[in-house]
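Participant: My questions will all concern the structure given below.
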Amino acid sequence: MESTVSVVLEPAGPAELPFEELYRACARDVYAYVASLLRDRAASEDVTSQAFERALRRQGSFDVRRGTQRAWLFAIARNAALDELRRRRRTVALVAEPHDVAATGDADEEAALRSATVRAALAGLDARDRELIALKFHAGLGPAEIAGVLGISPTNASTRVHRAVTRLREACHASA
């Protein structure tokens, strides 16, 4: 009698996007995040490119059990941006929005005034708060993903983001 071998497959976790799809889905957000850290369009383009090159080379290191591909990619982008800042030997100065993202072409004066108020309020926040806001709103990351990027607990990330947004709100109302 022949013995039969049965193969048991482990249930698949969240689907991992092919690299090209990951690039298409995240390139603009990664650029916006990096630009908010560097405040330099050309350097932001270079660092975004470097981040995707690093991600492509390190595809095998992605582990779905440690978080999403998006969070993994933003952690790589953050490290590339910090490498650039260290290379420049200057203090990180974050902005509210990258110039091309901020240019909406909207003729509405009220919307322009709100945008200017938010940019001014963001400029008054410290660098850590600006980075948290950039990760939340430019990158679209949730607390667990922000935690993975910054190397802190999800609870800590959630608390820090909440406090940063509260300070931003207060600064917006103070300048209004």
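Bear in mind these aren't lab numbers, they're just calculated from the coordinates by the rules spelled out. Remember, predicted model here, so these are calculated numbers, not experimental data. Here the Cβ positions follow ideal geometry from the backbone for every residue, glycine too, while neighbour counts run over all protein chains shown.
Participant: Based on the mean of other Cβ atoms within 10 Å per residue, sort peptides 163-173, 131-141 so the most packed one is first. Could you put the intermediate results ahead of the total?
Facilitator: Values: 163-173: 15.3, 131-141: 22.4.
Ranking, from highest mean packing down: 131-141, 163-173.
Participant: Taking the number of other C-beta atoms within 10 Å as the exposure measure, put 23, 31 in order starting with the fewest. Mind dumping the intermediate values first?
Facilitator: Numbers: 23 15, 31 22.
Least to most surrounded, the residues fall as 23, 31.
Participant: What's the exposure ranking of 129, 46, 63, going from fewest to most Cβ atoms within 10 Å? If you can, show how the numbers build up before the last one.
Facilitator: On the way: 129 21, 46 15, 63 9.
The fewest-first ordering by Cβ neighbours comes to 63, 46, 129.
Participant: Right, next: Quote the Stokes-Einstein diffusion coefficient, in whole µm² s⁻¹, for the range 19-175, based on the Kirkwood radius over alpha carbon pairs, a temperature of 4 °C and a viscosity of 1.567 mPa s. Don't skip to the end; give the middle numbers.
Facilitator: Details: Rh = 16.1 Å.
Here the translational diffusion coefficient equals 80 µm²/s.
Participant: If you don't mind, another one. As an exercise, use a Förster radius of 25 Å and the Cβ-Cβ distance of residue 57 and residue 128 to find the FRET efficiency, rounded to the nearest 0.05. Show your work: numbers first, answer last.
Facilitator: On the way: r = 30 Å, r/R0 = 1.18.
Working from the Cβ atoms, E equals 0.25.
Participant: Using only alpha carbon pairs under 8 Å that are at least six residues apart, calculate the relative contact order of the range 19-175 and give it in whole percent. Walk me through the numbers on the way to the answer.
Facilitator: Values: 166 pairs, mean separation 43.2, N = 157.
It rounds to 27 percent for the range 19-175.
Participant: Quote the charge dipole size of the range 116-176 about the Cα centre in Debye, to the nearest 20; the model charges only the Cβ of Lys and Arg (+1) and of Asp and Glu (-1).
Facilitator: Numbers: 8 positive and 5 negative charges, 19 e Å.
Dipole about the Cα centre, nearest 20: 100 debye.
Participant: Using R₀ = 25 Å, calculate the FRET efficiency as 1/(1 + (r/R₀)^6) where r is the Cβ-Cβ separation of residue 111 and residue 42; round to 0.05. Provide the component values of the computation, followed by the final result.
Facilitator: Working: r = 28 Å, r/R0 = 1.13.
After rounding to 0.05, the efficiency reads 0.30.
Participant: Next question. Enter the Cα centre distance for the pair the range 36-81 and the range 152-176, rounded to the nearest angstrom.
Facilitator: The range 36-81 and the range 152-176 have Cα centres spaced 24 Å from each other.
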